[in-house]
1. Got a number for residues in segment A:117-148 being open to solvent by 30 Å² or more (accessible area, probe 1.4 Å) and either among the β-branched types (V, I, T) or more than 21 Å from the chain's Cα centre (by Cα) (or both)?
2. Please give the number of the condition A:W330 fails out of (1) part of a helix (DSSP H, G or I); (2) over 27 Å from A:A189 (Cβ atoms).
3. Can you confirm whether segment A:173-186 contains a residue that is more than 14 Å from every other protein chain (Cβ to nearest Cβ), modelled with pLDDT of 90 or more and surrounded by 21 or more Cβ atoms within 10 Å (Cβ to Cβ)?
4. Answer yes or no: is there a residue in segment A:94-117 that is in contact with a Lys or Arg (Cβ under 6 Å, 6 or more places away or on another chain) and of a type in the set (V, I, T).
5. Taking segment B:21-77 on its own, how many of its residues are within 12 Å of chain A (Cβ to nearest Cβ) and part of a loop (DSSP other than H, G, I, E, B)?
6. Return the total of residues in segment A:355-365 being surrounded by fewer than 19 Cβ atoms within 10 Å (Cβ to Cβ), in contact (Cβ under 8 Å) with a residue 60 or more places away in the chain and either within 12 Å of chain B (Cβ to nearest Cβ) or over 19 Å from B:L50 (Cβ atoms) (or both).
7. Residues being under 17 Å from A:L305 (Cα atoms) and open to solvent by less than 10 Å² (accessible area, probe 1.4 Å): count how many of those fall in segment A:187-208.
8. Exactly one of (1) free of Cβ contacts under 8 Å to residues at least 12 places away in the same chain; (2) buried (at least 17 other Cβ atoms within 10 Å of the Cβ); (3) within 24 Å of A:G394 (Cα to Cα) is unmet by A:A304. Its number?
Amino acid sequence: MGLPALATKKAPPVTLPLRFMVTGIASYLLLHFVLAARGRDVFGGDYLNMTTIGAVHLATLGWVSMVMIGAIYQLVPVLLQIEIHSEKLGRAGYWPALAGVAGMVAGFWTADPGLVAGAGFLAVIGFYTFVLNILLTFRRVRGWTVQAWAILGAVLFFFLTVSWGLLLALNLKYGFLGGGFRAQMAAHAALGLAGWFSLTIYGVGYRLIPMFALSHGFSERRQGVAALLLALGAATGALGGAAGLGRGVLPFAGGLVVIAFALFALDVRDIIAHRRRRRLELVTNFSLAALGFGILASLLLWLALLGFRPSWLSPGAWLTGIVHAALMGWVSLMIVGQIFKVVPFLIWLHRYSERAGREAVPLVRDLYSAQVGRWAFLLLLAGTAGTELAVLAGRAGLATVAAAVALAGALFFAYAMLQVLLGLRFVPRRTEDAEG
Amino acid sequence: MSGKQIEIDNRGLTPPEPMVRVLDTLEQMGSGDVLLVRNDRRPLFLYPELEDMGYVHETEPLPDGSFLIRIWKKAKD
């Protein structure tokens, strides 16, 4: 049975990665509702409010982490040709993670510390289960490619980010950590954004981007260096923040991250230049847009670490601008683009792969409407860019309007995925390509 | 009207190299030529490209688990 390139006989049933990804997509939609409805609280510069903290955890845990867990469960077997250690463990870890994140976000939004604590404990269990499952899986790796190292590093950073979050929460009650709140937060952000999020994107992206662009023959020399610099930047940023060594260490760490992004950008340009697919597809458009935001975010971060801040922005608004570019621009848009490819593929595999060749089956891309996808891209790009510009201009009201545009984009995105998941759009193929 | 028959063997290559080889070969073929491709997998992401470019394709599963894909240019009316 010929399984296509995003699958392998060793992969777990698609329902394991799919449940995480669908949870992520639902979280993404909810997140946009909150940003559009409560924009003034989130973008106003005074970010230490329950709305924003809840939204940040919804974004980082409910949206990005959930999707990345699903992607790693699907792609580690494909990329590294090894089986996931335990599918049962993978399924088991989903429920505490889901309940935990939902409870934490609800707890923040209702200002209920008990709920946050209890749910947080559940979330940690769920996420630790995933980390354990992957670490046990990696015992079987034979060929240690750049992608293998990047994914292992990313998962270890995820473990550290979650553990540090747990320590920060306990610290709020028992006060045993030093370094001050801002340094502690810097460590949390370095571990999560540069370590868990960006290393996963590098590890998975260096494989998927050329595959989706049909690109071959580009140089792979920079990949290892880019991933290594990113990991070093995340580690030094985290250690520097945790140890309270603000002055020298953080700009150095930020510099490493900027260089890592520059190398990644050069590699993506090389990959696109070697593409055989003539039209630029939806996934490539999202990836390029995401890359633009990534470069912006790393430059802004570096400026901030060197002590610069626009005179018209409060420190809170400046930080919001950087985090928004990194999280809603770089990370989110990259993931949305990949989802447009991966989720339809997984559903196709689940629903049609047995029937291919014996009856007319749809093309993978026919599972959702191309027009809906185009609108999702245009509105998400316009909305995210508009929000970013407004935040950097210190205009929370305008940012909220732009967030409404982004919400419209998210609705189109969610609808496209609904079409795929519910099979709303089977377009019967002509049978001229079916065997007689 | 019969043209050349070109054969390529993509077995053992990792994605996206198989699809890239097919597209590169098609570029050098004439309108009457036929391309026969031996692939480890059904090239799911290749089919829409072929159809966009005006090619017709037939896929035949082979006894050893690989696939033979026949590709030729759609005749103009």
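The values are calculated or read from the model by the stated rules, or taken from the named source; none is laboratory data. Everything numeric in this text was worked out from a predicted model, so none of it was measured. Cβ coordinates were reconstructed from backbone atoms using ideal geometry, including for glycine residues, and neighbour counts include every protein chain displayed. Note: areas computed on protein heavy atoms with side chains; ligands, DNA, RNA excluded. Shrake-Rupley method; radii C 1.70, N 1.55, O 1.52, S 1.80 Å.
1. Adding up the residues that qualify gives 13.
2. Status for A:W330: all satisfied but (2).
3. No, there is no match, as no residue in segment A:173-186 is more than 14 Å from every other protein chain (Cβ to nearest Cβ), modelled with pLDDT of 90 or more and surrounded by 21 or more Cβ atoms within 10 Å (Cβ to Cβ).
4. Looking for residues that are in contact with a Lys or Arg (Cβ under 6 Å, 6 or more places away or on another chain) and of a type in the set (V, I, T), one finds none in segment A:94-117, hence no.
5. 12
6. Number satisfying all stated conditions: 5.
7. Residues in segment A:187-208 being under 17 Å from A:L305 (Cα atoms) and open to solvent by less than 10 Å² (accessible area, probe 1.4 Å): 1 in total.
8. That leaves (1) as the condition not met.
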